[in-house]
Amino acid sequence: MRFPTHLLTISLLFLLLNACHFQEKKTVKPQQEVKVTRVATGNTLEISGLREQINLLTQVRLIGTDAAPRRQTPFGYRAQQRLQELIDDKPVMLEFDVQREDKYDRTLAYVWQNDVLLNEQLIKEGHALFVARSPNHKYDLRLERAQHFARIMGKGIWNPEKPMRFTPAEYRRRFR
């Protein structure tokens, strides 16, 4: 049985189009190295050069974390200081998930430095809570395990002698 020529041509065109589409997706960077200009809070960074204008500052929110606001003393200040220490004026790698921006136009990312996921490190040390936010779930299991570790060990906000009384979300709602 002989394969019709027009079907062979259509099949080849389909394969070629699929290959082009696949190549186009590969050029989208799932990760990008950036320089942090400022640590705004325990889970928000300011960086420059991520968007079209190189001098435009962009806020980056660490996916899966909820740190106390700075005015929720002493937890907010400690979270901000610890994130600053972890970054230590060195470039970081941003890794993106399904949703790249939130409703406040902040870039959503997992932040890496030297193979350390800073989102996870902050939670593991008790400086932030794990909060799953759909549709970004790439590292939810890691972040949840980090929170279990911090709770069991009584680290940071989980210290049984001086625990955080309100979650960051509750604090923001109560004390606007």
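Quick notes
- Hey, Arg142 out of contact with any Lys or Arg (no Cβ under 6 Å at 6 or more places or on another chain), without any contact (Cβ under 8 Å) to a residue 60 or more places away in the chain and either crowded, with 21+ Cβ neighbours inside 10 Å or assigned to a helix (DSSP H, G or I) (or both) or not: yes
- Any hit, segment 89-101, residues being within 24 Å of Met164 (Cβ to Cβ) and modelled with pLDDT of 95 or more: no
- Verdict on Leu83 being assigned to a strand (DSSP E or B), under 28 Å from Arg174 (Cα atoms) and in contact (Cβ under 8 Å) with a residue 24 or more places away in the chain: no
- Search result, residues across segment 121-139 that are farther than 20 Å from Arg70 by Cα and not in a loop (DSSP other than H, G, I, E, B): Arg133, Asn136
- Any hit, segment 166-175, residues being buried (at least 18 other Cβ atoms within 10 Å of the Cβ), part of a loop (DSSP other than H, G, I, E, B), touching a residue at least 24 places away in the same chain (Cβ under 8 Å) and not acidic (Asp, Glu): no
- Looking at Ala109, Ala132, just one residue is within 29 Å of Glu33 (Cα to Cα) and either touching a Lys or Arg at 6+ places or on another chain (Cβ under 8 Å) or surrounded by 17 or more Cβ atoms within 10 Å (Cβ to Cβ) (or both), and that residue is Ala109.
A quick yes/no check of all residues on (1) surrounded by 18 or more Cβ atoms within 10 Å (Cβ to Cβ); (2) over 16 Å from Gln113 (Cβ atoms); (3) touching a Cys at 6+ places or on another chain (Cβ under 6 Å):
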| position | (1), (2), (3) |
| --- | --- |
| Glu33 | no, no, no |
| Thr37 | no, no, no |
| Thr41 | yes, yes, no |
| Leu45 | yes, no, no |
| Leu56 | no, yes, no |
| Ala67 | yes, yes, no |
| Arg70 | no, yes, no |
| Phe75 | yes, yes, no |
| Gln84 | no, no, no |
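- Candidate set: segment 155-165, residues that are without any contact (Cβ under 8 Å) to a residue 24 or more places away in the chain and more than 11 Å from Gln72 (Cα to Cα); chosen: the one surrounded by the fewest Cβ atoms within 10 Å (Cβ to Cβ): Glu161
- Taken over segment 84-128, residues that are farther than 16 Å from Tyr139 by Cα and of a type in the set (A, V, I, L, M, F, W, C) amount to 3.
- Residue count for segment 86-107, restricted to those that are touching a residue at least 12 places away in the same chain (Cβ under 8 Å) and in a strand (DSSP E or B): 5.
The values are calculated or read from the model by the stated rules, or taken from the named source; none is laboratory data. These figures come from a predicted structure and were not determined experimentally. A quick note on method: Cβ atoms are made from the backbone with ideal geometry, for glycine too, and the neighbour counts reach across all protein chains shown.
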